[in-house]
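Below you'll find the structure, written out as structure tokens, and then a few comments.
The values are calculated or read from the model by the stated rules, or taken from the named source; none is laboratory data. Remember, it's a predicted structure, so these values are computed and weren't measured experimentally. Here Cβ is always computed from backbone atoms with ideal geometry, including for glycine, and neighbour counts include all displayed protein chains. Side chains included, ligands, DNA and RNA excluded: accessible areas come from the protein's heavy atoms. Shrake-Rupley method; radii C 1.70, N 1.55, O 1.52, S 1.80 Å.
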Amino acid sequence: MDFVITNEMQAELGVESAAWPYEVTTTGIRAFARGVGYQDPVYYDRDAAATAGCEQLPAPPGYLGTPVYLPGYADPVFSVPRGSGPRPRYGFTRVLDGGTEAIYERPLHAGETLSVTDRLLDLKVRQSRSLGTMLIVSREATYRDQAGETVARERSHYVFYES
Amino acid sequence: MANIARCEVGDELPALIKQPDREQLVKYAAGSGDFNPLHYDPDFPQAQEIGANLVHGRFKYAALGQLVSDWLGAVDREHRGPAHDRRDGRSSL
């Protein structure tokens, strides 16, 4: 498959999305911790969190809140607001995770609502012996608290290919 | 014995062994919101092509977070003493 990154595609780089609310909740923290397999009670039990010095359940590493899900506005597969997550596909049908990096400015705790914007950082075309032509999409999401302070930035990379 | 004040670059952290099965990946899908069938549906075309359901990339990323969190938690409890290692099953919900 031949694929060329056009000027029109390049023009999408760096364009900031509209902000979307992400809620850091006790239920979200417990569900994420359970999904990962944490046994540490600090992510489940308010008393254990208090003993560890946290007034609310702390968010485990990798959990930056749950995007508010609105049918028609959020992606039904990835639960993120449309316009973020693994996109643009430019016709590619297969996607793999290409890695994640996050920078935290401070810890997050249950009870916070964050405002998240997202932008396309980079597009690359690579050839793979097993997957053929790959489009590597990099995005960056910025998480801000109610005071407008940046609390975290997360870079996500996606690998698109054709079967 | 672990001591965060004495840890140095190059120190090895305690191993965390994960063996995620389909049930665990369904739980992770629920916790993360990533419901890509590649991770739980054996009939999903991409899973058929690959020959297996893949572990979420972010599950591996999160597991590394757990490895560090478990280590720091153990270090923290060591400094606070055993009275703070509460595993009696009580909960305040």
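The calculated Kirkwood hydrodynamic radius for the protein assembly as shown is 19.9 Å, given to one decimal from all distinct C-alpha pairs. With Rh defined as the Kirkwood radius, the inverse of the mean 1/r over Cα pairs, the Rg/Rh of the stretch A:19-158 is 1.02. Shielding of peptide B:64-70 by partners, expressed as the average count of other chain Cβ atoms within 10 Å per residue Cβ, is 5.
Packing, as the average of other Cβ atoms within 10 Å across residues, places the peptides A:76-82, B:5-11 in the order A:76-82, B:5-11, highest first. In whole angstrom, the stretch B:19-74 maps to an equivalent ellipsoid with semi-axes of 25, 10, 8, each derived as √(5λ) from the alpha carbon gyration tensor and ordered largest first.
Hey, what angle do you get for helix A:26-36 against the long axis of chain A, alpha-carbon based, 0 to 90 degrees rounded to 10? In chain A, helix A:26-36 runs at an angle near 60 degrees to the longest axis. Using a 1.4 Å probe on the protein heavy atoms, what percent of the accessible area of chain A belongs to carbon and sulfur? Of the solvent-accessible surface of chain A, carbon and sulfur hold 50 percent. Rounded to a whole number, what % of the accessible area of the stretch B:19-74 do carbon and sulfur atoms account for, probe 1.4 Å? The computed percentage sits at 58. Per residue of peptide A:112-121, the mean number of Cβ atoms on other chains within 10 Å of the residue Cβ is 0. When you count the other C-beta atoms within 10 angstrom of each residue and take the mean per peptide, B:28-38, A:83-93 line up highest first as B:28-38, A:83-93. Straight Cα distances below 18 angstrom link residue B:18 to the aspartates and glutamates A:40, B:70, with same-chain residues fewer than 8 positions distant left out.
Considering only A:129, A:34, A:119, the Gaussian network model of chain A with Cα springs below 10 Å gives its largest mean-square fluctuation to A:129. Accessible area buried by the pairing of B and A, both sides summed with a 1.4 Å probe, works out to roughly 2800 Å². Only alpha carbons enter this Debye calculation for the stretch A:13-55, each as an equal point scatterer, and the log10 of I(q)/I(0) it gives at q = 0.18, 0.23 Å⁻¹ is -0.61, -0.78. At a probe radius of 1.4 angstrom, the accessible area of the protein assembly as shown per residue rounds to 55 square angstrom.
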